[in-house]
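Every number in this text was worked out from the coordinates using simple rules, so none of it is lab data. Note that the structure is predicted; figures quoted are calculated from it, not measured. Here the Cβ is made from the backbone with ideal geometry for all residues, glycine too, and neighbour counts use every protein chain on show.
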Amino acid sequence: MNSIVFEHVDKTYDKKVFVIKDLNLAIKKGERIIFLGPSGCGKSTTLRMIAGLETISAGNLFMGDKLVNNIPSGEREVAMVFQNYALFPHMSVEDNISYGLKIQKMPKDEIANRLKEALRILELEGLEKRKPRELSGGQRQRVALARAVVKRSDYFLLDEPLSNLDAQLRAHARKQLVKIHETFHQTLVYVTHDQVEAMTVGNRIALMNKGDIQMIDTPKKVYNRPVNVFTAKFIGSPPMNIINIEYADGQIIIGEHRITPPEMWKRLMYKNGKDRFIMGIRPEHVKLIINKEDDAVPCSIRYIEDYGNDIGMYFSMAGEEMIAVCDSNAPINNQEVYFHPDYKNIHLFDADTENSIGYPQEID
């Protein structure tokens, strides 16, 4: 059963500036879906349309089996957490968390039970009487999450809720969010520009750019089988290496150098009917060798970063800067090295459309 469905939804301002254009999306009941993308891509606007905080310019939005285009936010059974904690400064932790329940005139015993459970899940026990000014940033964010949790709404909406936390606190908060979802099984819709949050929290990722969904799939599929160059470059840190290539007479041409790909890639490029492509390869899949071999392209190491267990080697190939992430024991003394493609881990995109041409394994 689909919990949230967008049918041909547009969001415009002044009837001419499109923020969202022809959005078609079905979010399953009880799943964790992440809207990921750069600033201004439309992800927060999409979330706010679900919450009822933004009107829909065209199309239909269903929640459950109900058309909600004109249903007020307060009648949509949503709980929302914002980037800004938005706590009442004069109220204690427990009063901030339970305030909404008291407004609904919920029985005191039920409020107490929900408060106790939220305090336990979010590790806020012992802080009940403190005011927001007496809390750390991480504690304030947990209070904001607890305030949403106690509502036990069908829809749990989060708009970059962890962006104000440092890296260590974000990692801990991500685990708490997943634990909350596994406890209550709400439909969780999460907006972020942080791909680590997207990969670790989501069942599915909807990657957006300029109001369009570029790809929607599992984190593993988005990482390993990007549908276009934008997806390939946005997902991954460091991002995927991208270089323009040509294909002629059964060979890949990189700059002035020719290499011969396996037959399975030849078949795929021939089937595409083009002679210009974009090749992508993730830094961790780049293979650099010291001794020249057939089908290897000469490169020059320009800069080295030490990550501890790994090193990042920036190198120049056919006039393009690329990066390889290697084991810290990798030989790095030589300035001249050779790039040897790992054909199990390369990605090819049409040079004109920038869409993936597919993968030999899928054809076979």
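Structural remarks
- Residue order, fewest to most surrounding Cβ atoms within 10 angstrom, among GLU246, GLU321: GLU321, GLU246
- Relative to the longest principal axis of the Cα atoms of the chain, the long axis of helix 137-149 makes an angle of roughly 70 degrees.
- Arranged from fewest to most other beta-carbon atoms within 10 Å of their beta carbon, PHE277, PHE88 become PHE88, PHE277.
- The stretch 87-101 versus the stretch 335-349: alpha-carbon centroid distance in Å: 56 Å
- A simple charge model with +1 on the Cβ of Lys and Arg, -1 on the Cβ of Asp and Glu and nothing else charged puts the dipole of the chain at about 1700 debye relative to its Cα centre.
- Between helix 263-272 and the chain there is an angle of about 70 degrees, using the helix long axis and the longest principal axis of the Cα atoms.
- The angle between the Cα long axis of helix 108-121 and the main principal axis of the chain comes to about 30°, on a 0 to 90 degree scale.
- Computed [θ] at 222 nm, deg cm²/dmol, the chain (DSSP H ≥ 4; -39,500 (n - 2.57); rounded to nearest 500): -8000 deg cm²/dmol
- For the stretch 2-229, relative contact order (Cα pairs under 8 Å, six or more residues apart, normalised by length) works out to 29 percent.
- With a cut-off of 10 Å between beta carbons, the residues surrounding SER92 carry a summed charge of -1, where Lys and Arg count +1 and Asp and Glu -1.
- Across the stretch 87-213, counting alpha-carbon atoms alone, Rg and Dmax equal 15.2, 48 Å.
- Ranked PHE349, PHE18, criterion: other C-beta atoms within 10 Å, fewest first: PHE18, PHE349
- Neighbourhood charge, 13 Å Cβ-Cβ cut-off, centred on ILE278 and excluding it, Lys, Arg +1 and Asp, Glu -1: -3
- Across all directions, the average flat footprint of the convex hull enclosing the Cα atoms of the chain is 22.6 nm².
- Neighbours of ILE289, meaning other residues whose beta-carbon lies under 15 angstrom from its beta-carbon, give a summed charge of -4 when Lys and Arg score +1 and Asp and Glu score -1.
- Using a cutoff of 8 angstrom between alpha carbon atoms and counting only pairs six or more residues apart, the relative contact order for the stretch 232-363 works out to 27 percent.
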